[in-house]
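Colleague: Before we start, here is the structure in question, set down as structure tokens.
Derivation of every value follows stated rules applied to the coordinates shown; laboratory data play no part. In this text the structure is predicted, and so the values were computed from the model without any measurement. Every residue, glycine as well, gets a Cβ built from its backbone with ideal geometry; the counts of neighbours run over all protein chains shown.
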Amino acid sequence: MIDQRHDTLDHTPRCGDGRAPDPLVPAGWLPMREYGEDEVDFVIVGTGAGGAPLAAKLAEQGFSVIAMDAGAFFRPLEDFASDEMHQRKLYWTDDRLVDGDNPLQLGANNSGKAVGGSTIHFAMVSLRFRPEHFASRSKLGYGVDWPIDWREMWRYYEEVERMLHISGPVRYPWGPKRPRYPLRVHPMNAGAQYLARGAKALGIDWTETPIATLSTPIGKAHPCVYRGFCVTGCSTNAKQSALVTWIPRAIRAGAEIRDLAMVGRIETDASGRATGVHYHRADAWHFQKARHVVAAGYAIETPRLLLNSANAAQPDGLANSSGLVGRNLMVQLNQAAWGEVDKEVRAYKGPPSLAISEHWNYTDAGKDYLGGWTYMSQGPLPAQWARTLARTRGLWGQALVDEMNRANHTVGLKMVGEVLPNEANRVTLADETDQYGLRIPRVTFSYSDNEKRMMRHAVAFMKQSLEATGARDTWDQMDDTCHLGGTARMGRNAATSVVDADGRSWDVPNLWVCDGSVFPTVGGVNPSLTIQALACRTADRIGALARRGEL
Amino acid sequence: MSTGTALARGIARLNDVARAPRGAERAASRLLSAGASVVASSVLVDSAMEHYRGSFRDPAMVLPIALSAGSLLLNGRETLAPAGPSTLARMVHVTAGAVGSAGLAFHAWNVGKQAGGFRLVNLFYRAPLGAPATLLLTGLIGTMAERLADPAAPRFAAFLRAPRVVGTVAAMGLAGTVAEAGLLHFRGAYHDPAMWLPVSLPPLATLSLLRDVLTLAPRRMTYGLLGATAAMGVIGMAFHAYGVARNMGGWRNWRQNLLAGPPLPAPPSFSGLAVAGIAALRLLKDMRRG
Ligand SMILES: Cc1cc2nc3c(=O)[nH]c(=O)nc-3n(C[C@H](O)[C@H](O)[C@H](O)COP(=O)(O)OP(=O)(O)OC[C@H]3O[C@@H](n4cnc5c(N)ncnc54)[C@H](O)[C@@H]3O)c2cc1C
Ligand code: SF4
């Protein structure tokens, strides 16, 4: 039955007729304002970690806002199944080409397609950047500086942490003082306990991970039930995805959400200003007029959209006078160490990463590479685990069955490591087209020696930690990456960046970018909290510019 | 407050009806039995649920269930139809106290050996220190009731009859329960304003009771605060029932949510201890008269 529903959901938009689904109530609806094809103040392309908070905060300031997403508008309580295969409906699996020395794996591990974006199936780890990572060039001698001071970000982090009811430790061991997390920590699953014991044995700090899932009921959302289906979408609404937090807030503030609306091109007039977007919805192309356009499709789709929107005056792509649109694509290293213990661990119970150490994100000495990394406990679901074993260890047949039988005794630690910006890593357009007739992205990526050294250090360290807790038969998983960033970087001038600190294009003054692609560097922690904090800042800045008549 | 006072007076008067050997002591004994019954039921339901959740991994996990059940039966009988002191009752109460103490030590050991030791996360979610402490209280209050039931009974632990001792035990019990509610409501980030109630009202009742114990002068205000605390324990159950409903599946999914949600049997411990406090006031009052 769910599958049938999914089929219709795939093709029939749910938003319209003055209402949008209420993601927190089965079969529920929220009244929604609609703007038709009239010119609106802002059209936002993408409703993930960047687009959703921006839509909410702009609508609250009285702007007319339409936020479009290529994906569906789900009600997790009734639309999500506890089935890894079925839930693939959350991933962006449209055609993309990958190349380079280390072609990236795309889809489940880094791209979502739904109202709420990748936050629907993200792992909820909600970390603040290390302050120095906003100025890694001047403070640490690598990468580039952000055009924003960390103290300003600290305030926006607090706003997002409150909005998402982040559950975290009372005292955070690293970095400058931060306010107490709104909710208390979750119980640690066995996997997290192995991280804690290992860290203790190696003499470094660890803590319970600050995480965007409720440890107590809030409003209509239930607290976490620790079943561990997080990365296939949370069916209890405990997970504080953009879908259950910012999106209802945006709708209540008067924003319109258009689900299943794929934007193919940003239109510009003779003066080079954006006039609106062409989008595909319900089997037809439409045009939405807007005074401002915001690209928030994440670090592959945003540059793809800008490149696909090239015009006679800007033949290399919109907002691309610097030539940097699509360049400096960064992922994060996601290598892991695994081992086996006697005790039954069942690490897939509960959110996957309940304990963390940022030791190597805050420690610079003793490294033969630049950049920081954190590591967390891991709890892969069975099908994903089988895939990992088959892919990275080449196990098949009886060998795979035997290893799967040991899955309940497997413990693992996984890194999130900083990849440095490199212009050769980039998103370009391929000649092939997708189901909408749009040119598909080609994603080129290679590791540098710096990254290879970081991985070696991290994996060896994590292995040491596992072994210190009695794990045997440890092995490395060297092939995984996560998170995207950097293909429309922000900066202090038009020659070296695509947008300014507010996310505003240097070339097209009414075009903005608000998602993970504006990151000049990615730091050693997961990005979603920073993306949301930046979106809140962008919204405030747009308000301030409007008041000064500078929009 | 005045409703609380009326309630407390009502509770105290119930006993006067059945005025037995030495009025006040007998009445206090019966009140203590009533309080111990309530605390014992709380322990019974709580330990049964939690140790069921823990799959009775250790055979000793049945002990608190057996002893709280025994304590409930004996104290319940003493409340409804006092039969006076008995060796069996004394043995059950003393054993309950001993098992409670052992349980406390065991739970503490268990928390201490977790990764992170006595960190908040383990105090929140691992073997709770409050639960065995409540069994210890059940035993103590039951013993006090039994000692007071017959003034002529053997001299075993006679000091437990002293009004000051009864008052202090009730106050300490309340303080411990406040600490437990404080810890667990902190774990719930005080997301509902009602969660502040058990960490504000009972502490006032406790302080007021302690003052009366020191001055040997029971005051109206203490009756009021203890009565209100007793009522709060009952209302707290309703709040916890609402808390259970807010978990995935609500009450339809009671088999999981009774374990996942706020513990239904916890708040009544406050009621039982408040009643024990009222018993102390009754003794103090009589002491002044005498
Ligand atoms: C499995 C997984 C686990 C993760 N775990 C964590 C974690 O634990 N912590 C953390 O901080 N981060 C995590 N992330 C990363 C985090 O989810 C992303 O960094 C973040 O959601 C990116 O925000 P965004 O707004 O840039 O893009 P997204 O959230 O991906 O939103 C982009 C949206 O735009 C839509 N879109 C794109 N192009 C178009 C178009 N042309 N027209 C219409 N719509 C379009 C897409 O459908 C999508 O919904 C995880 C990601 C994944 C996939
Ligand atoms: S473990 Fe918690 S956050 Fe993850 S899917 Fe289940 S309820 Fe949601």
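Colleague: Using the alpha-carbon centroid of each, what span in Å lies between region A:311-353 and region A:452-524?
Modeller: 7 Å
Colleague: Continuing with the same structure: Please give me the summed charge of the neighbours of B:A145: other residues whose Cβ is under 12 Å from its Cβ, Lys and Arg +1, Asp and Glu -1. Write down the numbers at each step before the final one.
Modeller: On the way: positive: B:R26, B:R30, B:R77, B:R90, B:R147, B:R161; negative: B:E25, B:E78, B:E146, B:D150.
That sum, taken over residues with Cβ under 12 Å, equals +2.
Colleague: Using θ = phi - 60° and the Karplus curve 6.51 cos²θ - 1.76 cosθ + 1.60, what whole-Hz ³J(HN,Hα) does each residue of region A:295-302 get, with Gly and Pro shown as x?
Modeller: In residue order, the calculated couplings are 8, 9, x, 6, 6, 10, 6, 5 Hz.
Colleague: What is region A:171-241 by shape, rounded, prolate or oblate, if you read a ≥ b ≥ c off the alpha carbon gyration tensor as root eigenvalues and call it rounded for a/c under 1.5, prolate for a/b larger than b/c, and oblate otherwise?
Modeller: Values: a/c = 2.82, a/b = 1.51, b/c = 1.86.
Since a/c reaches 1.5 but b/c is at least a/b, the shape of region A:171-241 is classed as oblate.
Colleague: Something else about it: Running a GNM on chain B with Cα contacts under 10 Å, which residue among B:P85, B:P267, B:P132 ends up with the highest mean-square fluctuation?
Modeller: B:P85
Colleague: Okay, moving on. What list of ³J(HN,Hα) values in whole Hz, one per residue of region A:371-384 in order, does the Karplus curve 6.51 cos²θ - 1.76 cosθ + 1.60 (θ = phi - 60°) give from phi, with Gly and Pro shown as x?
Modeller: x, x, 8, 10, 9, 9, 5, 10, x, x, 6, x, 5, 5
Colleague: Assuming a viscosity of 0.692 mPa s and a temperature of 37 °C, what translational diffusion coefficient in µm² per second does Stokes-Einstein assign to chain A, Rh being the Kirkwood radius over Cα pairs? Present the calculation step by step, with values, prior to reporting the outcome.
Modeller: Working: Rh = 23.3 Å.
Answer from the Stokes-Einstein relation: 141 µm²/s.
Colleague: Counting Lys and Arg as +1 and Asp and Glu as -1, each charge on the Cβ, what is the dipole of chain B about the Cα centre in debye, to the nearest 20?
Modeller: Details: 28 positive and 12 negative charges, 92 e Å.
Dipole magnitude for chain B comes out near 440 debye.
Colleague: Based only on other Cβ atoms within 10 Å, what is the fewest-to-most ordering of B:H93, A:H222, B:H185, A:H286? Could the numbers behind the result be given before it?
Modeller: Values: B:H93 27, A:H222 24, B:H185 20, A:H286 14.
Starting with the residue having the fewest Cβ neighbours, the order is A:H286, B:H185, A:H222, B:H93.
Colleague: Still on this structure: Need one number: nm distance between label points at B:A158 and B:W196, each 7 Å from Cα along Cα→Cβ, rounded to one decimal.
Modeller: 4.9 nm
Colleague: So, one more: Compute the distance in nm between two label points, each set 7 Å from the Cα along the Cα-to-Cβ direction, one at A:E78 and one at A:K220.
Modeller: Going from the A:E78 label point to the A:K220 one covers 1.1 nm.
Colleague: Amide H to amide H under 5 Å from A:H292: which residues, 5+ apart in sequence or cross-chain, H placed 1.01 Å off N in plane?
Modeller: Close amide H contacts, sequence-distant or interchain: A:F42, A:V43.
Colleague: Compute the acute angle (0 to 90°) between the alpha-carbon long axis of helix A:528-547 and the principal axis of greatest extent of the alpha-carbon atoms of chain A; round to the nearest 10°.
Modeller: The angle comes out near 30 degrees.
Colleague: Taking H as built 1.01 Å from N, whose amide H comes closer than 5 Å to the amide H of A:V125, not counting residues under 5 places away?
Modeller: Long-range HN contacts for A:V125: A:A212.
Colleague: How high is the relative contact order of chain B, given as a whole-number percent (alpha carbon pairs under 8 Å, six or more residues apart)?
Modeller: On the way: 473 pairs, mean separation 83.9, N = 290.
Relative contact order comes out at 29 percent.
Colleague: Quick query: amide H of A:I257 versus all other amide H atoms, modeled in the peptide plane; which residues come in under 5 Å with a sequence gap of 5 or more or a different chain?
Modeller: Those qualifying (amide H under 5 Å, at least 5 residues apart or on another chain) are A:A67.
Colleague: Treating the angle as unsigned and between 0 and 90°, give the value, to the nearest 10°, between the Cα long axis of helix B:2-17 and the longest Cα principal axis of chain B.
Modeller: 60 degrees
Colleague: Something else: For the residues A:T474, A:T302, A:T93, A:T487, what sequence is obtained by ranking on other C-beta atoms within 10 Å, fewest first? Display every interim value, and only then the final one.
Modeller: Working: A:T474 18, A:T302 29, A:T93 13, A:T487 33.
In increasing order of surrounding Cβ atoms, one gets A:T93, A:T474, A:T302, A:T487.
Colleague: Tell me, how many Å apart are the Cα centres for region B:105-134 and for region A:239-272?
Modeller: Cα centroid of region B:105-134 versus Cα centroid of region A:239-272: 47 Å apart.
Colleague: I've got another one for you. What does the average come to when, for each residue of peptide A:212-221, you count the partner chain Cβ atoms lying within 10 Å of its Cβ? The partial results should precede the final answer.
Modeller: Numbers: counts 0, 0, 2, 5, 11, 10, 3, 2, 1, 2.
Average neighbour count from other chains, rounded to a whole number: 4.
Colleague: With each label point set 7 Å from Cα along the Cα-Cβ vector, what nm distance links A:D316 and A:Q105?
Modeller: According to this spin-label approximation, the distance is 3.5 nm.
Colleague: Per DSSP helix of 4 or more residues, -39500 (n - 2.57); summed, then divided by the residues of chain A. What does that give at 222 nm, rounded to the nearest 500?
Modeller: Numbers: 13 runs with 139 residues, N = 551.
-7500 deg cm²/dmol, from helical runs alone.
Colleague: Please list, in order along region A:417-428, the HN-Hα scalar couplings obtained from phi with the Karplus expression 6.51 cos²θ - 1.76 cosθ + 1.60 (θ = phi - 60°), rounded to whole Hz, x for Gly and Pro.
Modeller: Residue by residue, region A:417-428 yields x, 6, 9, 7, x, 8, 4, 6, 7, 7, 10, 10 Hz.
Colleague: Rounded to the nearest 500, what is the 222 nm mean residue ellipticity of chain B from helices alone, with -39500 (n - 2.57) per DSSP H run of 4+ residues and division by all residues?
Modeller: It lands at -25000 deg cm²/dmol.
Colleague: Now a separate question. Within 10 Å of each residue's Cβ, count the other Cβ atoms and sort A:K367, A:K57 from fewest upward. Don't jump to the answer; show the numbers that get you there.
Modeller: Numbers: A:K367 14, A:K57 25.
If I rank by nearby Cβ atoms, fewest first, I get A:K367, A:K57.
Colleague: Here is a follow-up. Just to confirm a number: summing +1 for Lys and Arg and -1 for Asp and Glu over residues other than B:N110 whose beta-carbon lies under 15 angstrom from that of B:N110, what do you get? List each step's numbers first, then the result.
Modeller: Numbers: positive: B:R53, B:R57, B:K113, B:R119, B:R126; negative: B:E50, B:D58.
The answer is +3.
Colleague: Relative to the Cα centre, what is the charge dipole magnitude of the protein assembly as shown, using +1 at the beta carbon of each Lys and Arg, -1 at the beta carbon of each Asp and Glu, and rounding to the nearest 20 debye?
Modeller: Numbers: 89 positive and 74 negative charges, 885 e Å.
In debye, rounded to 20, the protein assembly as shown gives about 4260.
Colleague: Continuing with this model, one more query. GluC sites (Glu not before Pro) within region A:136-182: which are DSSP loop residues with at most 10 other Cβ atoms inside 10 Å? Numbers along the way, then the final one.
Modeller: Details: sites: A:E152, A:E158, A:E159, A:E161; in loops: none.
Answer in residue order: no site qualifies.
Colleague: May I ask what percent, to the nearest 5, of DSSP beta bridges between residues of the protein assembly as shown are antiparallel?
Modeller: Details: 53 of 74 bridges.
That works out to approximately 70 percent antiparallel.
Colleague: Here's something else I'd like to know. Restrict the search to region A:77-182; then list the trypsin sites (Lys or Arg not before Pro) that DSSP places in a loop and that have at most 15 other Cβ atoms within 10 Å of their Cβ. Write down the numbers at each step before the final one.
Modeller: Working: sites: A:R88, A:K89, A:R96, A:K113, A:R128, A:R137, A:K139, A:R151, A:R155, A:R162, A:R171, A:K177, A:R180; in loops: A:R96, A:K113, A:R128, A:R171, A:K177, A:R180.
Counting only loop positions with at most 15 other Cβ atoms within 10 Å, the trypsin sites (Lys or Arg not before Pro) in region A:77-182 are A:R171, A:K177, A:R180.
Colleague: Also: Return, ordered by residue number, the residues of region A:221-244 whose backbone nitrogen is under 15 Å from a label point located 7 Å along Cα→Cβ of A:H86.
Modeller: Zone members listed by number: A:229-230, A:232-236.
Colleague: Also, I was wondering about something else. List the GluC sites (Glu not before Pro) in region A:11-89 that DSSP assigns to loop (not H, G, I, E or B) and whose Cβ has at most 12 other Cβ atoms within 10 Å. Which are they?
Modeller: Sparse-neighbourhood loop GluC sites (Glu not before Pro): A:E37.
Colleague: Answer with one residue from A:L324, B:A205, A:P248: the one whose Cα lies farthest towards the positive end of the charge dipole of the protein assembly as shown, charges on Cβ with Lys, Arg +1 and Asp, Glu -1.
Modeller: B:A205
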